[in-house]
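Heads up, the thing below is written out as C-alpha cells.
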Amino acid sequence: MKDFQFKIICKGKKTKARVGEIYTPHGVIKTPAFVPVGTQASVKSVTPEELATLGTQIFFVNTYHMYLRPGIEVVEKLGGLHKFMGWDGPIITDSGGFQVFSLGRDKKFGNRPLDQITSSSRHDTGNQTIKPDQLVKITDDGVEFRSHWDGSKHLFTPESAMEWQWKLGSDIHIAFDDCTSYPVAYEVAKKSMERTHRWAARSLTASQKLKVESQKSGEPYQALYGSIQGSVFEDLRRESAQYIAAMDFDGVAIGGVAVGETKKEMVHVLDWVVPILPEEKPRHLLGVGEIDDIFAAVERGIDTFDCVQPTRLGRVGIVLIGNTTPAKRDLAPRDNNPINKYKIDITNKCYAEDRRPIEEGCQCYTCTHFARAYIHHLFRVRELLGYRLATIHNLWFVHQLMTEIREAIVEGKLLELKKKWL
RNA sequence: GCUGAGGUGGCAGAGUUUGGCAAUUGCCCCUGACUGUAAAUCAGGUGCCCUACAGGGCUUCGGAGGUUCAAUUCCUCCCCUCAGCA
C-alpha cells in the first residue's frame, strides 16, 4: 500500500460535495479542508503548535521562495521541510508556477508609472530597480525568474521544480504550471494552457523518476497533483480537465482561478471542470477561500483549497465574522455593504471602546481572552500581537466553518448550512 | 534681569540666506483594496468653500505696526517658549 491515499467517506445527496480523508506519510487530512498558506515556510505570525490547535491539518509552502531563501540545499541539510519548520503534519508545496503570474503583474503598484513609485515601496537592487515586467520571462524550457530580493536570474523548469519539491520533502507537490493571467485573449489562454500541459507531462515524468529512486531508499511517498488551466473559456477548461485527468497524477489541482475574473466566471469553471475529474482522486482548488467561494467549491466537489485571505486580511486588521448571528453585532457603516458581511475592519474607530470579542460565542484564543477594543488598540499602535491575534481568529474561524461543513455534508444538510451563512 | 536660539496646519518639521505660489515632506487621522503571499502591505484623502472632472475662489506662518507693487522672509515694539549665565 502506498503512503498516499484518498478515501471518500460520504457523498452529498443533493450536491456533489463529499467528505473524505487524504492519507499522507505525515498524517490524515479530513476533507473538505481549508489549507492555510505559509509561503516562506511560515504561516505568518503563528507557530506550528498553534496552527494545529486552530485546526490546520496541512499548509502550503512555496518552492520558489524556498529556492531563493534559504535555498533548497539548506532545507535539505536541515532534514527537510518538516524538520526545518517544526511541523510534523502534512505539507503541500506549490511549484512556483503561480509566481509566473504574480511576479509578472504590476498589481502591487497599481497603474502608476514606475518613476512615481517611492523608493521604499519598490525593491532596489543596488543602483537599479527591478521593474515587474523584468521579473519573469517565459521560455519553452521553463521560466526565467529574477529574484525579487536581489535581481539575480534563475531558471525554473518542470524538472527542477519537481526535484526541488522532492528535496523539500513535502507530502503533496504541484506540477509546474503557467498560471494564466486575467483578462486574457483566447489565443493567449490556449497557448498558456498548452504550455501547462507540456509542463505537466514533464513534471510527471520527472516526478516518477524521483519516486522510483526514493522508494529504493525507503523514503516516504510524495504525491503529485496535476494543474488545470484554461482561464474562463469553456472548451479550454474542459480540454485541460480531460488532459490532466487522464494522466497518472495522485490528485488534481484547478489553477488560474481567483485571478481577477468574477465569482460567477469562477463558478462556471468549476461546473465545467469538476464533473470531468475522476471521483477517486482528491481535488484541490488553488488560491480560493472567501466564505461564499468555499461553499461554491465544496458543493461542486472540491476537497481542499488554499488561500491567503484569512492570514493576509488578519494582518491588515480585517477579521472574519459569521453571518449567522447578525443581531449580536453592530455594523460599522461600511459593513452595511453586503460584500463585507463576513468581515469587520477592527481598525475602525467604532471599535475603540468595544468590550465584545471579535465574535460573540467564538471559542478561539483571541475571542476568549480579548475585547475588540484591545485588538483595535494593538493595530493602532502596530503591536505585533495584534497581527497574531487577528490571524489566530481568522484561521480558527475558517477551520471551524470547515468542520461545520463536513458535519453538514454527513448529515445531508449542506444546503441548509449554506443558506444559513449566505 | 542679561545673552543666545526659537514661535509655520492636530503633531513634528522644511521654506526665511537672495521678498515673488507655503498649504514641501513625515506622522496622526479618515477611506478603499487584498483569493496557489515581492503583502504585519499598497493606494487615495486629509485648512475652508464651489465643482461630475478639469479646475476655480478664500483663509492662513505668535501679536500689532512699518517699508514695498508684493512680506512666512526685511525693520520696530510687544507676547510666549527653550538653553546658558546671574
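Only residues that are acidic (D, E) and out of contact with any Phe, Trp or Tyr (no Cβ under 9 Å at 6 or more places or on another chain): list them for region A:272-295, please.
A:E279 - this is the single residue of region A:272-295 that is acidic (D, E) and out of contact with any Phe, Trp or Tyr (no Cβ under 9 Å at 6 or more places or on another chain).
On the given criteria, is A:A52 at positive phi, of a type in the set (A, V, I, L, M), under 19 Å from the mean Cα position of the chain (by Cα) and assigned by TED's automatic domain parsing to the domain that holds A:W272?
no
Condition first: farther than 20 Å from A:Y23 by Cβ, within 13 Å of RNA strand B (Cβ to nearest atom) and not in a loop (DSSP other than H, G, I, E, B). Can you find one or more residues in region A:206-225 that meet it?
no
Is it the case that A:C362 is crowded, with 20+ Cβ neighbours inside 10 Å and more than 22 Å from the chain's Cα centre (by Cα)?
So A:C362 does not fit the description; no.
Given the structure, is A:D293 crowded, with 18+ Cβ neighbours inside 10 Å, within 12 Å of RNA strand B (Cβ to nearest atom), modelled with pLDDT of 95 or more and not polar (S, T, N, Q)?
Yes, satisfied.
Which pairs do you get when a residue that is at negative phi, found in region A:339-358, comes within reach of a residue that is assigned to a loop (DSSP other than H, G, I, E, B) and within 12 Å of RNA strand B (Cβ to nearest atom), reach meaning Cβ atoms under 6 angstrom, with the pair 6+ apart or on two chains?
Within 6 Å, the pairs are A:D345/A:G317; A:I346/A:G317; A:T347/A:G317; A:N348/A:A332; A:C350/A:A332.
Looking at A:K209, A:K216, which is the one that is in the same structural domain as A:I172 (by TED's automatic domain parsing), more than 23 Å from A:E279 (Cβ to Cβ), modelled with pLDDT of 95 or more and surrounded by fewer than 15 Cβ atoms within 10 Å (Cβ to Cβ)?
Sole residue among the options that is in the same structural domain as A:I172 (by TED's automatic domain parsing), more than 23 Å from A:E279 (Cβ to Cβ), modelled with pLDDT of 95 or more and surrounded by fewer than 15 Cβ atoms within 10 Å (Cβ to Cβ): A:K209.
Quick one: how many residues across region A:222-250 are surrounded by fewer than 24 Cβ atoms within 10 Å (Cβ to Cβ) and either touching a Ser or Thr at 6+ places or on another chain (Cβ under 8 Å) or among the small types (G, A, S) (or both)?
3
Please go through (1) out of contact with any helix residue (DSSP H, G or I) (no Cβ under 7 Å at 6 or more places or on another chain); (2) among the β-branched types (V, I, T); (3) farther than 26 Å from A:I291 by Cα for A:I244 and return the number of the only condition it doesn't satisfy.
Among (1) out of contact with any helix residue (DSSP H, G or I) (no Cβ under 7 Å at 6 or more places or on another chain); (2) among the β-branched types (V, I, T); (3) farther than 26 Å from A:I291 by Cα, A:I244 violates only (1).
For the subset of region A:170-188 comprising residues that are outside any loop (DSSP other than H, G, I, E, B) and closer than 17 Å to A:T39 by Cβ, which member is farthest from RNA strand B (Cβ to nearest atom)?
The extreme case among them is A:I172.
Just for region A:281-309: of the residues that are in contact with a helix residue (DSSP H, G or I) (Cβ under 7 Å, 6 or more places away or on another chain) and assigned to a strand (DSSP E or B), which one is nearest to A:Y225 (Cα to Cα)?
If we take residues in region A:281-309 being in contact with a helix residue (DSSP H, G or I) (Cβ under 7 Å, 6 or more places away or on another chain) and assigned to a strand (DSSP E or B), then A:R283 is nearest to A:Y225 (Cα to Cα).
If a residue must be out of contact with any Ser or Thr (no Cβ under 8 Å at 6 or more places or on another chain) and buried (at least 24 other Cβ atoms within 10 Å of the Cβ), how many such residues does region A:253-268 contain?
Count: 1.
Could you tell me whether A:G169 is of a type in the set (G, A, S), within 16 Å of A:L285 (Cα to Cα) and crowded, with 18+ Cβ neighbours inside 10 Å?
no
Being within 11 Å of RNA strand B (Cβ to nearest atom) and on the phi < 0 side of the Ramachandran plot narrows it down to one residue among A:G251, A:G255; which is it?
Among A:G251, A:G255, only A:G255 is within 11 Å of RNA strand B (Cβ to nearest atom) and on the phi < 0 side of the Ramachandran plot.
Can you tell me which residue among A:E21, A:E73 is more than 17 Å from A:T304 (Cα to Cα), out of contact with any helix residue (DSSP H, G or I) (no Cβ under 6 Å at 6 or more places or on another chain) and surrounded by fewer than 18 Cβ atoms within 10 Å (Cβ to Cβ)?
A:E73
Mind listing just one residue for me: the one in region A:300-315 that is of a type in the set (K, R) and within 11 Å of RNA strand B (Cβ to nearest atom) and, of those, farthest from A:P275 (Cα to Cα)?
The residue in question is A:R315.
Residue-wise test of (1) small (G, A, S); (2) within 30 Å of A:L54 (Cβ to Cβ); (3) at pLDDT below 85.
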position	(1), (2), (3)
A:L81	no, yes, no
A:M85	no, yes, no
A:T93	no, yes, no
A:Q99	no, yes, no
A:K107	no, yes, yes
A:D115	no, no, yes
A:G126	yes, no, yes
A:T139	no, no, no
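When the residues of region A:370-422 are narrowed to those that are of a type in the set (D, E, K, R) and within 16 Å of RNA strand B (Cβ to nearest atom), which ends up surrounded by the fewest Cβ atoms within 10 Å (Cβ to Cβ)?
Looking at the filtered set, the residue picked out is A:R382.
I'd like to check which helices (runs of 4 or more DSSP H) are fully inside region A:1-97 and have at least 2 residues that are within 12 Å of RNA strand B (Cβ to nearest atom) and touching a Gly at 6+ places or on another chain (Cβ under 8 Å).
A:63-68
The values are calculated or read from the model by the stated rules, or taken from the named source; none is laboratory data. What you are looking at is a predicted structure, and each value in this text was computed from that prediction instead of being measured. Ideal geometry is used to build each Cβ from the backbone, glycine not excepted, and the neighbour counts take in all protein chains shown.
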